[in-house]
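See below for the structure under consideration.
Bear in mind that the values in this text are calculations on the coordinates, not laboratory data. Please read these numbers as outputs of a predicted model, since none were measured by experiment. Neighbour counts run over all protein chains shown; Cβ positions are idealised from the backbone, glycine included.
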Amino acid sequence: MALIHQKLYQGENLAAIDMRDYFQAIGQNIINSFGSKAEHVSFEVNMNSLELDVDTAVLVGLITNG
């Protein structure tokens, strides 16, 4: 959830979060957490930009991380 708030405050629109950027960041963070064990793992988010309001983005973030 901290990543959603970080994306919110770093973005141009304080009322919405770009979920494509969020998914890219969370995926890369997961890969990075495995260190050298994941050196051959790649991650690609194949979706258009999608801005969601904060309440909806938090719910999607909870589902994604659950």
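Go ahead and run the numbers for FRET between residue 32 and residue 65, Cβ-Cβ distance against an R0 of 25 Å, rounding to 0.05.
Here the calculated transfer efficiency is 0.95.
If the chain between residue 39 and residue 55 were fully stretched, how many nm would it gain, using 0.36 nm times the residue separation less the Cα-Cα distance?
Between residue 39 and residue 55, full extension yields an extra 2.3 nm.
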